[in-house]
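Chemist: Quick one: the structure is below, questions incoming.
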Amino acid sequence: MTENCFNSAYLNALQTKGVQTYVSNALGRVERLSVDGLDFPLSIHEPVAGQQQSYVSSPCATYGKYALTELETLPAKGLHYPLSVLIKGVDRWLAGAGFDKVVSLNNWFLSTNLFPHWSPMSLKPLTAQLCDRFPDSFLITRSLNGYHHAALIQRFAEAGWQLLPARRIWRMEPKSPHKRDRKTDDRLLAKTPYQRVSADTFSASDFDRAKDLYDQLYLDKYSSLNPAFTAELLKFGHSCGMFRLEALRNEAGHLDGIAGTIRCNGVITTPVFGYDTSLPQKLGLYRMLSAIAFDHMEQAGCSYNLSAGAGSFKRLRGAEPTIEWTACYMRHLPFARRLPIGVLRVLLQNIGVPLMNRFDL
C-alpha cells in the first residue's frame with residue numbers, strides 16, 4: 001500500500017467536479033493549498049439555512065446535532081434530558097455565532113483526515129495568511145489526536161489555535177499482541193465461504209452495492225450526519241489510489257461487506273466500512289471486515305486509527321482509546337462570535353470528555 005492520503009488526482013477532482021459529486025451531504029468549495037511542499041484541500045463553507053450537512057463540512061453538526069445522536073447511546077438515562085437541553089441550547093448559540101462559516105484546512109471530507117509531518121515554522125504564517133483571506137470565517141482542522149499528533153497539536157496551540165474535544169477514538173499498533181477475540185476473527189475470515197476480493201475486480205453495480213453497504217451501517221444504523229459517500233467516490237477513490245478497497249463476495253456473486261483504507265505518515269484508517277445489516281449477525285461480517293483492516297495494518301506496518309464507536313469490540317481486540325481534537329482559530333473574529341466556542345470548549349472538557357471516558361463512548 002502506498003502513501004496515498006495526499007492524492008493529487010483526488011484533490012483535483014474535489015476542486016473541479018465539486019464536493020457533492022463525492023459526498024452528497026457535504027457542502028463547500030475546495031481550493032488547493034501548498035504547505036511544506038505538500039498539497040492540501042482547503043475547504044470553504046457557508047451556513048445554509050434548512051439544509052442538513054454532514055459533520056465533515058459543518059462544525060455545528062459536529063457539536064450540536066451529532067452530539068444529540070451520540071446522547072442516545074449514553075447508558076445513564078437520567079442524564080439524557082438535562083444534556084439534551086444543554087446541547088440544543090449550545091447548538092442554537094453556535095449557529096447564531098456563524099460557526100458554520102468556516103475554512104477547513106486538510107479537509108478530505110472523510111470521517112478521519114490523516115496528517116503528514118509539518119515543520120514547526122509553517123503554521124503561524126499560514127494562519128496569518130488565511131486570516132487575511134478569510135477575515136469573517138473561523139479556521140478549523142479536524143482529526144487531531146494526542147497519540148499520533150502530539151507535536152502538531154503543540155504547534156497549533158503555540159500558533160493561537162483553540163483545541164476542542166471532538167470524540168473518543170481508538171488506535172492499535174501493528175505489533176500489538178493478538179488478543180483472543182482477534183484470533184477468533186482471523187480464523188473466521190480464513191474459513192469463510194466468502195471470497196475476499198479487491199475493487200480492481202468490481203463492476204459498476206458492485207460500486208453501487210458497496211455504497212449501499214456503507215449507507216446501511218453509517219447512515220441508516222448510526223447517523224445521517226455521517227458523510228454520505230457516492231458510488232463515484234468509491235470508484236474514483238480506488239482507481240486513483242486514494243483508497244484501498246476490499247470486499248466480501250458471497251457464493252451468489254454479490255457483495256455483502258466492504259472495507260476501504262487510506263494511509264499517510266505511518267498511520268492507516270478505514271473511512272469506508274459497511275455490510276449488509278439485514279443478514280444474521282452470526283455470519284460475522286463486521287468481525288471479518290475488521291480482520292481485513294487489521295491485515296492491512298500489519299502489511300503496511302503502520303499504526304491504525306480505528307476512528308470512534310464500538311468501543312467494547314475494539315478494546316477486546318487490543319485497541320486503546322484517545323481523545324480526538326478539532327483545532328479552531330478565531331482571534332481575528334469579534335468577541336461575540338468567539339464566546340460560544342470558548343464556552344463550548346469548557347463544557348466539552350468538563351462534561352463531554354469525562355462522559356466519553358466513563359461510558360466508553
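Chemist: When you have a sec, figure out the Kirkwood radius of region 160-231 from all distinct Cα pair distances and drop it here in Å to one decimal? Don't skip to the answer; put the middle values down first.
Modeler: Numbers: mean 1/r = 0.0614 Å⁻¹.
Value: 16.3 Å, from the Cα pair sum.
Chemist: Which entries in the list LYS183/LYS314; LYS183/LYS211; LYS235/LYS314; LYS183/LYS282; LYS175/LYS282 go over 25 Å, if you measure between the two C-alpha atoms of each? Let's see the in-between values first.
Modeler: Details: LYS183/LYS314 13 Å; LYS183/LYS211 29 Å; LYS235/LYS314 28 Å; LYS183/LYS282 17 Å; LYS175/LYS282 29 Å.
Correct reply: LYS183/LYS211; LYS235/LYS314; LYS175/LYS282.
Chemist: Compute the long axis of helix 8-17 from its Cα atoms, compare it with the longest principal axis of the Cα atoms of the chain, and write down the angle in degrees, 0 to 90, nearest 10.
Modeler: Helix 8-17 sits at roughly 70 degrees to that axis.
Chemist: For the chain, with a Gaussian network of springs between Cα atoms less than 10 Å apart, report the residue from GLN52, GLN129, GLN216 with the top mean-square fluctuation.
Modeler: GLN129
Chemist: Quick check: the angle from helix 204-214's long axis to the longest principal axis of the chain, C-alpha only, nearest 10 degrees?
Modeler: On a 0 to 90 degree scale, this one is about 60.
Chemist: Toward the positive end of the charge dipole of region 90-189, about the Cα centre and with charges on Cβ (Lys, Arg +1; Asp, Glu -1), which of VAL102, TYR147, PHE115 goes farthest?
Modeler: TYR147
Chemist: Based on Cα positions only, what radius of gyration and what Dmax would you give for region 1-62, in angstroms?
Modeler: Rg then Dmax for region 1-62, in Å: 12.9, 42.
Chemist: Next question. Per residue, how much space in cubic angstrom lies within the convex hull of the C-alpha atoms of region 259-325?
Modeler: Working: hull volume 6.6 nm³, N = 67.
Given the Cα convex hull of region 259-325, per-residue volume reads 99 Å³.
Chemist: Give the whole-number value, in cubic angstrom per residue, of the convex hull volume spanned by the C-alpha atoms of the chain.
Modeler: Working: hull volume 48.7 nm³, N = 361.
So the per-residue hull volume is 135 Å³.
Chemist: Can you pull the one-decimal nm distance between simple spin-label points at GLN52 and SER34, each 7 Å off the Cα toward Cβ?
Modeler: Those two pseudo-labels are separated by 4.2 nm.
Chemist: With the contact rule set at Cα under 8 Å and sequence spacing of 6 or more, what percent relative contact order holds for the chain? It would help to have the intermediate numbers written out before the result.
Modeler: Details: 630 pairs, mean separation 92.2, N = 361.
Reported as a whole number, the value is 26 percent.
Chemist: Can you give the accessible area of SER57 in Å² (nearest 10), computed on protein heavy atoms with a 1.4 Å probe?
Modeler: About 0 Å², ignoring ligands and nucleic acids.
Chemist: Now, a different point. For region 34-156, just run the numbers: alpha carbon Rg, then divide by 2.2 N^0.38 Å, N being how many residues it has. Write out the running numbers ahead of the final one.
Modeler: On the way: Rg = 16.5 Å, N = 123, 2.2 N^0.38 = 13.7 Å.
Computed over Cα atoms of region 34-156, the ratio equals 1.20.
Chemist: Follow-up question, since we're still on this one. Excluding ligands and nucleic acids, what accessible area in Å² is computed for LEU83 using a 1.4 Å probe, to the nearest 10?
Modeler: 30
Chemist: To the nearest 20 debye, what charge dipole does the chain have about its Cα centre, counting +1 at the Cβ of each Lys and Arg and -1 at the Cβ of each Asp and Glu? Intermediate results must be reported in sequence, preceding the final value.
Modeler: Values: 40 positive and 32 negative charges, 179 e Å.
Roughly 860 debye, rounded to the nearest 20.
Chemist: Take the chain, connect every pair of alpha-carbon atoms lying under 10 Å apart with a spring to form a Gaussian network, then pick out the residue of ALA150, ALA13, ALA95 with the largest mean-square fluctuation.
Modeler: The residue that fluctuates most here is ALA150.
Chemist: Shifting gears a bit: Mind checking the dipole of region 45-180: about its Cα centre, +1 per Lys or Arg Cβ, -1 per Asp or Glu Cβ, Debye to the nearest 20? Could the numbers behind the result be given before it?
Modeler: On the way: 15 positive and 9 negative charges, 120 e Å.
Here region 45-180 has a charge dipole of around 580 debye.
Chemist: Which aspartates and glutamates, on any chain, are close to LYS65 with Cα under 17 Å apart, when same-chain ones fewer than 8 places away are left out?
Modeler: Cα-Cα hits under 17 Å: ASP91, ASP100, ASP220.
Chemist: Moving to a separate point now. Helix 335-347 against the longest principal axis of the chain: what's the angle in degrees, Cα atoms only, rounded to the nearest 10?
Modeler: Result, in degrees: 50.
Chemist: Loop sites only, by DSSP: take the GluC sites (Glu not before Pro) in the chain that have at most 14 other C-beta atoms within 10 Å and name the longest stretch containing none of them. Intermediate values should be presented prior to the final figure.
Modeler: Values: sites that count: GLU72, GLU251.
Here the longest segment lacking exposed loop sites spans 73-250.
The values are calculated or read from the model by the stated rules, or taken from the named source; none is laboratory data. Nothing here was measured: the structure is a model prediction, and the numbers come from that model. Note that we place each Cβ from the backbone using ideal geometry, even for glycine, and neighbour counts take in every protein chain shown. Accessible surface areas use protein heavy atoms only, side chains included; no ligands, DNA or RNA. Shrake-Rupley method; radii C 1.70, N 1.55, O 1.52, S 1.80 Å.
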